[in-house]
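Q: I am attaching a structure below and will ask some questions about it afterwards.
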């Protein structure tokens, strides 16, 4: 192959991945549309925490579509990811201590 001759490039061969690439692009486009739509209902810091769901969906897709094995370590890791998402997105409270009373306010409502 001579310099500048792209006609024999292996990247231009038909290997059946074009439609999978288009489907992945549509999936990412849908994700961003849903993220921006979700901003109408919550704040950005809570919404971004759901990006951590990506490994969970990746493992599920790998197990279903590619028959990948799911080990005990992987299940523990997914559990920890899910726990982290819960801890980040649960309602938080600010406690104000006074001599005999504790006032609790939701952090977003102050």
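The values are calculated or read from the model by the stated rules, or taken from the named source; none is laboratory data. Bear in mind that the values here come from a model prediction, so they are computed numbers and not experimental data. Note that we place each Cβ from the backbone using ideal geometry, even for glycine, and neighbour counts take in every protein chain shown.
Q: For the range 77-92, name all the residues that are surrounded by 13 or more Cβ atoms within 10 Å (Cβ to Cβ) and in a loop (DSSP other than H, G, I, E, B).
A: Result: no residue meets the conditions.
Q: Which one of 47, 74 is surrounded by 10 or more Cβ atoms within 10 Å (Cβ to Cβ), assigned to a helix (DSSP H, G or I), at pLDDT 85 or above and at negative phi?
A: One residue alone meets the criteria, 74.
Condition check ((1) at pLDDT 85 or above; (2) within 21 Å of the chain's Cα centre (by Cα); (3) exposed (fewer than 10 other Cβ atoms within 10 Å of the Cβ)) across all residues:
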| residue | (1), (2), (3) |
| --- | --- |
| 2 | no, no, yes |
| 6 | no, no, yes |
| 31 | no, yes, no |
| 35 | no, yes, no |
| 38 | no, yes, no |
| 52 | no, yes, no |
| 63 | yes, yes, no |
